[in-house]
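*Asks:* My structure is below; once you've seen it, I'll send some questions.
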Amino acid sequence: MDNKKIAALDWGRIESDLNKEGYALLPKFVTDQEIDGLKQLANNQDKQGQQQSLDALGLGVGNFLRLPNQLPQPLHRCREALFSRLVPIANRWSEIMGKDTRYPPSMTDYARVNQELGQVVEMSFISSMQPGEYHALHQNLVDANTFPLQLVILLSDPTKDFFGGEFIMTEQRPRMQSRPMVLPLRKGDAAIITVAHRPFRGSKGYYRVNIKHAVSRLRSGERMAIELIFHQAP
């Protein structure tokens with residue numbers, strides 16, 4: 001997840017996929033060694049009492065581990081490197097959708113904007129799902145300052161570690177039924193996804209479509225994943 005690895009990604013393909021589908025897959029984004037480190041991070045977070053309930057928030061069944069405001073270095077570096085690559089896309093989307101919001105070029109500057117708005121609570125989290133648990137359809141939306149993209153990383157093997165627990169997105173276009181999308185994530189894969197809204201080019205020009213994401217009910221095993229979010233909450 002270092003800068004060189006992120007810079008070497010096919011950003012032309014990523015932007016094309018985001019514009020077309022609202023998400024872009026990043027196969028083998030993290031190595032087995034990096035996964036082990038992230039799982040250890042999850043264990044440490046659990047001991048520090050950062051666990052929160054999906055049930056209490058009306059977001060499903062189960063718990064998640066809220067990451068600290070000062071992200072651990074591997075995730076901090078990853079988020080900074082990704083942000084600088086995603087800012088041009090985010091600003092183009094804002095312009096196309098007629099929004100006044102423009103995002104600064106660096107994660108440091110964007111974090112400062114969040115602080116000035118009183119948004120200081122980290123939204124990124126690690127989930128460790130158990131059988132019967134699920135994440136309901138939702139959007140990690142705060143306000144007009146919300147960054148329109150985020151990252152999800154799967155840390156478990158769907159062929160060995162768990163059954164069920166598919167990552168799902170839905171897209172609602174005006175006067176149309178919702179379009180379901182199941183992302184075929186494997187262990188170590190990541191995806192850049194739309195947080196809430198993206199522009200879609202129709203026959204009469206661009207309009208805004210509404211996107212939500214979820215994780216289906218886990219049938220067996222344990223499913224670990226990270227959602228890395230760029231903006232903060234009040």
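*Asks:* Tell me, yes or no, whether region 147-168 has at least one residue that is among the charged types (D, E, K, R), in contact with an Asp or Glu (Cβ under 8 Å, 6 or more places away or on another chain) and in a loop (DSSP other than H, G, I, E, B).
*Replies:* yes
*Asks:* Under 7 Å between Cβ atoms, at least 6 apart or on separate chains: pull out the pairs that start in region 189-203 with a residue that is touching a residue at least 12 places away in the same chain (Cβ under 8 Å) and hydroxyl-bearing (Ser, Thr, Tyr) and end on any residue that is in a loop (DSSP other than H, G, I, E, B) and surrounded by 21 or more Cβ atoms within 10 Å (Cβ to Cβ).
*Replies:* Short answer, once both residue conditions are applied: Thr194/Gly22; Thr194/Pro148.
*Asks:* Another question, if that's okay. When only residues in region 6-31 that are farther than 29 Å from Glu171 by Cβ and either without any contact (Cβ under 8 Å) to a residue 60 or more places away in the chain or surrounded by 12 or more Cβ atoms within 10 Å (Cβ to Cβ) (or both) count, which is nearest to the chain's Cα centre (by Cα)?
*Replies:* Checking each candidate, the answer is Thr31.
Here's the yes/no breakdown for (1) aromatic (Phe, Trp, Tyr); (2) surrounded by 15 or more Cβ atoms within 10 Å (Cβ to Cβ); (3) over 14 Å from Leu137 (Cα atoms):
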| residue | (1), (2), (3) |
| --- | --- |
| Arg173 | no, no, yes |
| Gln177 | no, no, yes |
| Pro180 | no, no, no |
| Gly188 | no, yes, yes |
| Pro199 | no, yes, yes |
| Lys204 | no, no, yes |
| Asn210 | no, yes, no |
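*Asks:* Out of Val182, Val195, Val209, I need the residue that is more than 26 Å from Asp157 (Cβ to Cβ) and at pLDDT 95 or above. Which one?
*Replies:* Val195
*Asks:* Of the residues that make up region 145-160, is at least one surrounded by fewer than 20 Cβ atoms within 10 Å (Cβ to Cβ), at pLDDT below 90, more than 13 Å from the chain's Cα centre (by Cα) and closer than 24 Å to Ile14 by Cα?
*Replies:* Yes: region 145-160 contains one or more residues that are surrounded by fewer than 20 Cβ atoms within 10 Å (Cβ to Cβ), at pLDDT below 90, more than 13 Å from the chain's Cα centre (by Cα) and closer than 24 Å to Ile14 by Cα.
*Asks:* Further question: Quick one: which residue in Pro68, Pro88 is assigned to a helix (DSSP H, G or I) and surrounded by fewer than 21 Cβ atoms within 10 Å (Cβ to Cβ)?
*Replies:* On inspection, the qualifying residue turns out to be Pro88.
The values are calculated or read from the model by the stated rules, or taken from the named source; none is laboratory data. The structure displayed is predicted, hence computed values, not measured ones. Because the Cβ atoms are built from the backbone with ideal geometry, glycine has one as well, and the counts that use them run over all protein chains shown.
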